[in-house]
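Let me begin by presenting the structure, written as structure tokens, before commenting on it.
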Amino acid sequence: MRKLSRSTKALCALPLWIGLAIHPGYAAGSAPSPVMLANVYHAGVALSDYWVSEKYDGVRGYWDGEKLLTRSGAVIPAPAWFTANWPRTPMDGELWGGRGQFELASATIRQQPASDEAWRHIRYMVFDAPGQPGTFDQRIPALQRLVAKLDLPWVLLVKQFKVADEAELKRHLDEVVAGGGEGLALHRGSSLYHAGRNGDLLKFKPYDDAEAKVVAYAPGQGKYEGMMGALLVEMPDGTRFRIGTGFSDAQRRDPPPVGSMVTFRYQGMTSGGKPRFARFMRVHDEL
């Protein structure tokens, strides 16, 4: 069995604070795309104000009228045919490989040069038209016309629907999750398109998730000796904690680089303000 790389193994052999001193941070990327980001849904939201859709587990793709960008602003090297004849007006959506196929989508958009064969399995699930004026209620029909005019089998309009109450919302969530989906998204009909995380866009999933920066490794023990045992991560507010579960053996042998962003799931917070039962999901979905 292949063990950790020499540099990673050396880091794991050091105390965590030494790892931090060697790797103090990570380089800033491109200017972020002007995308809306979702807050977490909570009971008591006025559901009549929102449209509901499936939340597709892919890689965010913001079309600025000329090129596809990740939410961090990195250019996605899609094949020329994939975006040929796309409109000059922006579109916001998810590059999706199917339910349970996040790794497929992530690997495809990272591959350079782009693989035509791999991209044939990707769908652009469009859920907003940032370049259109007015509220989300008003942008929906404009987006429908935009996607219909494109008439491309890999550019699909995300279905938006209304629910009567929280019980109906929960039924839809259960159906999506049972089918292998990630969860639901709720978009306030009266909202204008604006960048940043806010209550106009909500995510509803059977668990909480968040992102954190890898700042060091902890060495593995027992069957994981010589591998990574846990990641020490830092959230945007400075909170630090370990993530020790959710990794495959391959990921323990070749863990996410120090400075990279990872997505983890958890179940509420401890009295000390740290995520409870944090479990690794994946390296954050950006180039």
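Cross-link candidates for Lys205: which aspartates and glutamates have Cα within less than 14 Å, leaving aside residues fewer than 8 places away along the same chain?
Glu54, Asp57, Glu166, Asp174, Glu175, Glu182
Out of all Cα-Cα pairs in region 91-153, roughly what percent, to the nearest whole number, are more than 19 Å apart?
Numbers: 838 of 1953 pairs.
When all Cα pairs of region 91-153 are counted, 43 percent exceed 19 Å.
Report the Cα-based extents of the chain along its three principal axes, largest first, to the nearest Å.
58, 46, 33
Using a 10 angstrom cutoff on alpha carbons, build the Gaussian network for the chain and name the most mobile of Leu231, Leu184, Leu47.
Leu47
For a distance above 29 Å, tell me the whole-number percent of Cα pairs in region 36-204 that qualify. Don't skip to the answer; put the middle values down first.
Values: 2463 of 14196 pairs.
Taking all Cα-Cα pairs of region 36-204, the fraction more than 29 Å apart is 17 percent.
Give Lys55/Lys149; Lys55/Lys274; Lys67/Lys203; Lys55/Lys223; Lys203/Lys223 a once-over and call out the pairs whose C-alpha atoms are over 30 Å from each other. Show your work: numbers first, answer last.
Working: Lys55/Lys149 24 Å; Lys55/Lys274 26 Å; Lys67/Lys203 26 Å; Lys55/Lys223 37 Å; Lys203/Lys223 37 Å.
Listed pairs above 30 Å: Lys55/Lys223; Lys203/Lys223.
Only four residue types carry charge here, +1 at the Cβ of Lys and Arg and -1 at the Cβ of Asp and Glu. Report the dipole size of the chain about the Cα centre in Debye, rounded to the nearest 20.
Values: 35 positive and 30 negative charges, 170 e Å.
In debye, rounded to 20, the chain gives about 820.
Could you point to the residue in Asn198, Leu232, Pro79 farthest towards the positive end of the chain's charge dipole, with +1 and -1 charges on the Cβ of Lys/Arg and Asp/Glu respectively?
Sorting the options by dipole projection puts first Leu232.
Using just the helices of the chain, give the 222 nm mean residue ellipticity in deg cm²/dmol: DSSP H runs with n ≥ 4 each add -39,500 (n - 2.57), and the total is spread over all residues, rounded to 500.
Numbers: 8 runs with 64 residues, N = 287.
When only DSSP H runs of four or more count, the value is -6000 deg cm²/dmol.
At q = 0.23 Å⁻¹, work out log10 I(q)/I(0) for region 43-138 with the Debye formula, treating every Cα as an identical point scatterer and leaving solvent out; two decimals please.
Cα-only, vacuum Debye calculation for region 43-138: -1.23.
Could you rank the peptides 202-212, 86-96 by their average count of other C-beta atoms within 10 Å per residue, with the highest value first? Working shown, then result.
Details: 202-212: 17.1, 86-96: 19.7.
The most tightly packed comes first, giving 86-96, 202-212.
Throughout, read-outs are computed from the coordinates displayed, never taken from laboratory work. All figures in this text were calculated on a predicted structure; none of them were measured in a lab. With ideal geometry, Cβ positions are generated from the backbone for all residues, glycine too; neighbour counts draw on all protein chains shown.
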